[in-house]
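The values are calculated or read from the model by the stated rules, or taken from the named source; none is laboratory data. What you see is a predicted model; the values in this text were computed from it and never measured. Here the Cβ positions follow ideal geometry from the backbone for every residue, glycine too, while neighbour counts run over all protein chains shown. Note: areas computed on protein heavy atoms with side chains; ligands, DNA, RNA excluded. Shrake-Rupley method; radii C 1.70, N 1.55, O 1.52, S 1.80 Å.
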Amino acid sequence: MELRRVYVEGAARGGYIDEKVTEAAPDSLDDLIAELSSSSSYQQLDIKTFVLKTKAMLMKMDHKVQLARLQALFYGHLASIGIPKSLQCLSLRLTEEYLANAIARSSLPPPEYASCLTNDSYIHFALITDNVLAAAVVVSSTVISSADPEKIVFHIITDKKTYAAMHAWFALNPVPPAIVEVKGLHQYDWPDHVNDMVMGTVEEIHQSSSAYQYFSRADEEYGRLEALKPSTFSVLNYLRIHLPELFPKLGRVILLDDDIVVQRDLTPLWDLNLNGNVLGAVSAQVSDEGGDRHCIEKKLSDYLNFSNPMISSLASNGDQCAWLSGMTICDLQAWRWTNITQAYQHWLQHNRESGFVLCQMGSLPPALIAFNGHVHPIEPSWHLSGLGSRMPAPELLESAAVVHFSGPRKPWLEIGYPALRELWRAHLNHSNEFIRHCRVVK
């Protein structure tokens with residue numbers, strides 16, 4: 001019998017099973033038993049052939065499980081990176097308004113407030129984003145939560161394609177008494193040496209984006225999907241490493257991600273003593289009932305490959321908690337006295353040249369290396385992350401100064417947690433003409 005011969009030959013080769021035989025194998029144990037019971041051709045099968053037949057069935061079942069897992073991962077990925085039609089509509093409508101309405105093109109901030117943009121007596125927040133709606137929520141929640149909103153200056157940096165829509169939104173929807181500046185990357189006029197430094201980072205991102213497609217192994221489905229995420233190679237994300245160049249006349253800024261909501265006055269952070277460090281950030285380390293400290297988010301080893309000697313030689317160890325990037329206090333003056341930006345560019349390039357074996361691809365991993373030894377830990381209640389991955393404990397959600405929707409379930413997506421989406425949507429003006437027309441809130 002031909003089928004029996006294939007299985008016996010498979011046994012002789014150490015258990016190799018032909019792909020066609022695997023595809024023809026029964027779908028379940030019940031099907032296998034039924035097939036063996038009803039078919040006279042299997043009456044003479046020896047135990048080795050029976051084992052290989054069973055193995056073929058298990059391999060087929062495993063293949064189906066892996067395929068289903070990959071499909072779920074892929075569909076989840078598509079749901080997390082897709083831009084809702086409502087947000088596309090909002091951007092287009094605002095761009096049209098910018099072109100047609102002089103008020104939508106009015107100066108931001110008005111000329112009489114221009115001097116405030118470089119005045120260190122104000123509290124300066126930086127937001128680098130191309131998401132108009134997310135920026136609106138960040139600014140609104142920060143101003144509402146502030147005890148002294150007239151001292152707030154928001155610096156919103158965006159790309160050229162989003163600039164018109166972003167400018168129009170904040171020109172038509174001011175947040176007095178706070179001051180808002182909207183600036184496109186195309187509007188910066190850096191000296192040649194600064195421009196070369198910034199463009200060096202941009203060029204490296206483009207090279208890494210191309211190279212990563214070839215270095216990702218076929219069995220690393222998640223890694224390949226990560227490479228397709230817009231945020232993985234977003235120029236705006238990587239340009240945070242150039243904050244000293246973006247704000248050459250400021251001594252300090254509080255950098256916020258666009259997927260956060262502010263629930264408490266952040267003024268105390270502005271006055272926080274960083275003890276000579278460049279950044280102040282939550283390291284997501286808490287104590288349990290027994291007094292032991294542990295990470296509630298990722299460790300450094302989740303981002304960096306500590307089996308590589310270049311990484312393991314660093315001062316930090318893999319079990320150390322990675323600091324959270326959703327809200328950071330940046331001492332730009334101290335930053336300028338370091339080589340952190342150059343170190344970041346070095347590790348970004350070196351990771352590409354090594355075949356991406358040193359750290360995960362993204363803007364945060366090389367920052368964890370470059371800022372090593374320059375981060376001042378702040379109290380965990382200032383920053384609660386992971387709201388895009390899980391529902392937090394109610395008491396943590398209520399007490400956090402900043403809640404961060406890190407993870408795939410962003411609050412502007414349908415896959416976001418309903419209760420958390422409502423928390424985020426509470427900071428939108430539901431009666432706004434553009435929000436109503438584009439059905440941002442249904």
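Could you go through the range 363-373 and let me know if any residue there is out of contact with any Phe, Trp or Tyr (no Cβ under 8 Å at 6 or more places or on another chain) and either open to solvent by 30 Å² or more (accessible area, probe 1.4 Å) or assigned to a helix (DSSP H, G or I) (or both). Within the range 363-373 (the criterion being out of contact with any Phe, Trp or Tyr (no Cβ under 8 Å at 6 or more places or on another chain) and either open to solvent by 30 Å² or more (accessible area, probe 1.4 Å) or assigned to a helix (DSSP H, G or I) (or both)), the answer is yes, since at least one residue qualifies. Output yes when any residue across the range 214-232 is modelled with pLDDT under 90, of a type in the set (S, T, N, Q) and in a loop (DSSP other than H, G, I, E, B), and no when none is. Within the range 214-232, one or more residues are modelled with pLDDT under 90, of a type in the set (S, T, N, Q) and in a loop (DSSP other than H, G, I, E, B). Within this structure, Val153 passes the test of being closer than 15 Å to Leu266 by Cβ, in contact with a Cys (Cβ under 7 Å, 6 or more places away or on another chain) and surrounded by 15 or more Cβ atoms within 10 Å (Cβ to Cβ).
In the range 92-135, what count of residues is obtained for those that are crowded, with 22+ Cβ neighbours inside 10 Å and of a type in the set (Lys, Arg)? Summing the residues that are crowded, with 22+ Cβ neighbours inside 10 Å and of a type in the set (Lys, Arg) in the range 92-135 gives 0.
For the subset of the range 374-397 comprising residues that are under 20 Å from Asp259 (Cα atoms), without any contact (Cβ under 8 Å) to a residue 24 or more places away in the chain and open to solvent by 50 Å² or more (accessible area, probe 1.4 Å), which member is nearest to the chain's Cα centre (by Cα)? My answer is Ser389.
Report, by residue number, each residue of the range 304-327 that is touching a Gly at 6+ places or on another chain (Cβ under 7 Å) and closer than 15 Å to Gly373 by Cα. Within the range 304-327, just Ala315 meets the criteria. The condition of being surrounded by fewer than 17 Cβ atoms within 10 Å (Cβ to Cβ), in contact with a Lys or Arg (Cβ under 6 Å, 6 or more places away or on another chain), under 24 Å from Val253 (Cα atoms) and at pLDDT 90 or above holds for only one of His186, His193, that being His186. Checked against (1) open to solvent by 30 Å² or more (accessible area, probe 1.4 Å); (2) modelled with pLDDT of 95 or more, Ala171 passes all but a single condition, namely (1).
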